[in-house]
């Protein structure tokens, strides 16, 4: 029951855990590195120094690295 | 928890797919011309099969860029939403996206502009990466610290509108001062730019346009998904 002085409002509530934001930060850091900065470091964990010569991710993401303004060759 | 991550990933994939598509239409022709120019300088012919593979990679990279930047955007958006849930709208999401694009893309471009292939020297790649990241971090960290300071200022009641304007101009002025100082102090790109002016300007303009499309799309889809998936819970209250 409401009288003339009562107002109906919409109350918004936000609920999110810090862990979700930490996961998003990790996703951002990893994907940004792979996309814009990797020069063979990631694959070198598996295949060793050969990864620096092949530079697979650099070459695969070549066009987008340029388009996003990351330093490239 | 999962819903926030899922929304960020979905917004990233959708935005990244569009970004990959517009890049293919707008930016790739300039990259093709630059690659041809580089090959002719070396007296070689362009490896067509290799270029096709790189163009396929550009679609994958577009998706990855969408996911990466959408994750960053969602962190900022969640912070904004926690401070003022009532004010979180699609318009606000797009405004936040525009600010991040300015801080994260346009500001670094003013010092170290995007260059097409045939400009960068492979020998200087690590050096160029280090000065680019330094400038990017100065811009990003300054913006975050000043945004947090602004949030504290806003919490203090202002006697009149003039004081509120002075606060805003102080924050913007501090960011400008930091970036001008960094611009002067950091070294320039060491590589000589020796490429057709039309390719260079066309590439830089289309690069800025497509990255803006990416950020705006992330801002729009994230805001829309947050409001449609119940991440912002709206309850009717009688007061």
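The values are calculated or read from the model by the stated rules, or taken from the named source; none is laboratory data. Because the structure is predicted, anything quoted here is derived from the model rather than measured. Quick reminder, even Gly has a Cβ in these numbers, built from the backbone with ideal geometry, and neighbours come from all protein chains shown.
Yes/no matrix, rows are residues, columns are (1) modelled with pLDDT of 95 or more; (2) part of a helix (DSSP H, G or I):
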| position | (1), (2) |
| --- | --- |
| B:4 | no, yes |
| B:9 | yes, yes |
| B:14 | yes, yes |
| B:21 | yes, yes |
| B:25 | yes, yes |
| B:29 | yes, yes |
| B:38 | no, yes |
| B:43 | no, no |
| B:46 | no, no |
Restricted to region B:32-61, and to residues that are more than 25 Å from residue B:72 (Cβ to Cβ) and touching a residue at least 24 places away in the same chain (Cβ under 8 Å), which residue is surrounded by the fewest Cβ atoms within 10 Å (Cβ to Cβ)?
B:41
Subset tally (residues that are in contact with a helix residue (DSSP H, G or I) (Cβ under 6 Å, 6 or more places away or on another chain), assigned to a helix (DSSP H, G or I) and either more than 8 Å from chain B (Cβ to nearest Cβ) or surrounded by fewer than 22 Cβ atoms within 10 Å (Cβ to Cβ) (or both)) for region A:58-73
1
Please work out which residue is surrounded by the most Cβ atoms within 10 Å (Cβ to Cβ), limiting yourself to region B:171-192 and to residues that are closer than 26 Å to residue B:73 by Cβ and in contact with a helix residue (DSSP H, G or I) (Cβ under 8 Å, 6 or more places away or on another chain).
B:179
Within region B:17-31, is even one residue more than 9 Å from chain A (Cβ to nearest Cβ) and more than 21 Å from the chain's Cα centre (by Cα)?
yes
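For every residue, the table says whether it meets (1) within 14 Å of another protein chain (Cβ to nearest Cβ); (2) under 18 Å from the mean Cα position of the chain (by Cα); (3) outside any helix (DSSP H, G or I); (4) under 20 Å from residue A:68 (Cβ atoms).
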| position | (1), (2), (3), (4) |
| --- | --- |
| B:131 | yes, yes, no, yes |
| B:136 | yes, yes, no, yes |
| B:149 | no, no, no, no |
| B:157 | no, no, yes, no |
| B:162 | no, no, no, no |
| B:173 | no, no, no, no |
| B:181 | no, no, no, no |
Note down all Cβ pairs under 6 Å where the first residue falls in region A:28-43 and is more than 7 Å from every other protein chain (Cβ to nearest Cβ), the second is outside any helix (DSSP H, G or I) and buried (at least 20 other Cβ atoms within 10 Å of the Cβ), and they're at least six residues apart or on different chains.
A:36/A:70
Just checking, how many residues over region A:44-57 are loosely packed, with under 13 Cβ neighbours inside 10 Å and within 10 Å of another protein chain (Cβ to nearest Cβ)?
0
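Of the residues B:81, B:34, B:65, only one is assigned to a helix (DSSP H, G or I), in contact with a strand residue (DSSP E or B) (Cβ under 8 Å, 6 or more places away or on another chain) and assigned by TED's automatic domain parsing to the domain that holds residue B:228; which?
Details: B:34 fails: in contact with a strand residue (DSSP E or B) (Cβ under 8 Å, 6 or more places away or on another chain); B:65 fails: in contact with a strand residue (DSSP E or B) (Cβ under 8 Å, 6 or more places away or on another chain).
B:81 is the lone residue from the list that is assigned to a helix (DSSP H, G or I), in contact with a strand residue (DSSP E or B) (Cβ under 8 Å, 6 or more places away or on another chain) and assigned by TED's automatic domain parsing to the domain that holds residue B:228.
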Given the conditions (1) assigned to a helix (DSSP H, G or I); (2) touching a helix residue (DSSP H, G or I) at 6+ places or on another chain (Cβ under 8 Å); (3) modelled with pLDDT under 95; (4) closer than 30 Å to residue B:128 by Cβ, report the number of the one that residue B:195 does not fulfil.
(1)
